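One structure is given below, encoded as structure tokens.
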Amino acid sequence: MQQQPDDPDECITLNDYSFKAPEQAMNKEQCIAELDFDGEVEYEGLQLRVRSSDYLTARNKLEQIRKVLSNTGNFDSEDGVYEYSVLQKTGVIPLGEDEGNNRQVLSVSFMATRTKY
């Protein structure tokens, strides 16, 4: 995982990591509601880390961001229609204090998927 910078004390980072290899999705006959679907599903892991000088501030900020990230929707592109989904995969994980700076670090992980229709 990538490291957070030393400054400022209040810091938010969102890092990506490989969650799972892309796979071919189901074909039209396998889809519910007979959707024309033969695209690829892409998976990405996301780790949100929030650092603050006190635990409660870090926890509140993490909860605000978590609510925004946990979402599903559709968007149109020149090459098709995509559905995206971001699902929380872990609870809030207190990582403790960062190295000698008395700042609390909290983390939560997500799985993001993008499917082309």
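The values are calculated or read from the model by the stated rules, or taken from the named source; none is laboratory data. Because the structure is a prediction, the values reported are computed rather than measured. With ideal geometry, Cβ positions are generated from the backbone for all residues, glycine too; neighbour counts draw on all protein chains shown.
Within segment 79-100, residues that are on the phi < 0 side of the Ramachandran plot reach partners that are aromatic (Phe, Trp, Tyr) and modelled with pLDDT of 90 or more with beta carbons closer than 7 Å, at six or more positions or on different chains, in the pairs Val86/Phe110; Leu87/Phe110; Gln88/Phe110; Lys89/Phe110.
How many residues, within segment 56-88, are outside any strand (DSSP E or B) and not acidic (Asp, Glu)? Counting residues in segment 56-88 that are outside any strand (DSSP E or B) and not acidic (Asp, Glu) gives 14. Here Asn60 meets each of (1) over 19 Å from Asn15 (Cβ atoms); (2) at pLDDT below 95 with one exception, condition (2).
Applying the set (1) surrounded by 11 or more Cβ atoms within 10 Å (Cβ to Cβ); (2) under 17 Å from the mean Cα position of the chain (by Cα); (3) not in a helix (DSSP H, G or I) to Gly91 leaves exactly one unmet item: (1).
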